[in-house]
Every structure is written in structure tokens, then in C-alpha cells.
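What follows is one structure encoded as C-alpha cells, with my remarks underneath.
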Amino acid sequence: DYNFSTVLVSGSYVYALANYQYDLEPPPEYSLFILNRYPSTFTLAGKTASDQSGNVADLRHDAATGKIHVVDGIGVKSFDVSAPASITLDETLDTPGSPTGIALIDDYAMIGTGTRSFQTFDLRSPVALAQKAGYASGSGRSGLVTRGDRAYTVGNNLIEILSISDPETALPLLGQVPVTGATDIALSGTYA
């Protein structure tokens, strides 16, 4: 009864976000699924006990903490997946804008939040996600990827490169390139 839309392979598992196909009221309902990785046994390892509200967008696995961090157009949700058969919602935070992308770097999450470009959240906080200064471009960003001490964002017909060497402070712009119609970004070697 679910339509899978976002998939991530990490370690021994496949993590997937899926919308409930019979949901009539917006925002739609979705669940996090964990599958044992093919080819050994491609079977269901676990599913969230209850559906969440939101427009599924992106997810990342933090192997160090055993958590999956999800952005869903409303905010960010962290699920404890250390025991796949009993996934638990660990914490949730509504963010400004409509988050569509997430990247992890060390103890930080960089979250693409639309009009505010992206924000930085400290994942080390034992109580709740702590928001940091981030970067506000004045226009929306829909894609985000990090490598080393740089973040690459795309949206509003631009690719921007930012320094994330100190995620605790406002993130300086290192440069930008116009790219008409770009909505997402990936890195391969020295190319974006």
C-alpha cells in the first residue's frame, strides 16, 4: 500500500521512504522502510510503526549514531535504526522553509530549506537538534552535497560553493556559476 520514492543504500541495508498510496488529505503520510540488502536476502527488515506527515524528500544514514535523518518538506526527523525491526522516531524539528535536501558532515547536518538556502544543525545535542547560522542566499535552493570543507548548493539557476570549515558560524560564499534549470547536484571526481 506504499509508493517508494526515495532510496538510500548504506552498509547491509536499503533505507527507503514511501508514501501511503491511499492518503487523500495533504500533507501525505509516509513511512521509513528498511530492507535487507540484495543479493543475499532482499526482504523487509523493519518499518516505522506509525506513518509520519510530510512530503518525502531526502534521507541520510549516520552510521556512527545508528540514525536515519529525513527531510520531508516540513522539517527534519531523526529515526533510531540501530534495531531495524523496531525503528523509533528519536526527534523532530520543524524548519523554516520546506526542506528538500540533507547532507551529513561529521556531527552536523546541512539541510536545504528552500528560501533560506540551507541551514546547519548540530547533531551532537543530547536533547534536540541545535540550529546554527547556516547560509541565507535570499532565494531557494533545492539540491545540496558536501565534500571536505565545502558545500555545493543548486537552485534558482545557480550553483554555489560555500565554505563549511566551521559549521558553527555563518557559512561564507566562495563562488557561484549560473546553470539554467538546475534542481539537484552530485559530485564525481573534480566535477559537479
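The values are calculated or read from the model by the stated rules, or taken from the named source; none is laboratory data. Bear in mind the structure is a predicted one, so any value in this text is a computation, not a measurement. For the accessible areas, the whole protein counts, side chains as well, though only heavy atoms, and no ligand, DNA or RNA atoms are used. Shrake-Rupley method; radii C 1.70, N 1.55, O 1.52, S 1.80 Å.
Below is a table of values for the structure above.
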item	result
Normalised contact order of the chain, rounded percent, pairs of Cα under 8 Å and 6 or more residues apart	10
Estimated Rh, the chain: Kirkwood, alpha-carbon pairs, angstrom	17.1
Rounded percent of accessible protein surface that carbon and sulfur make up, the chain, 1.4 Å probe	52
Interchain or long-range residues, amide H under 5 Å from GLY101's placed H	GLY112
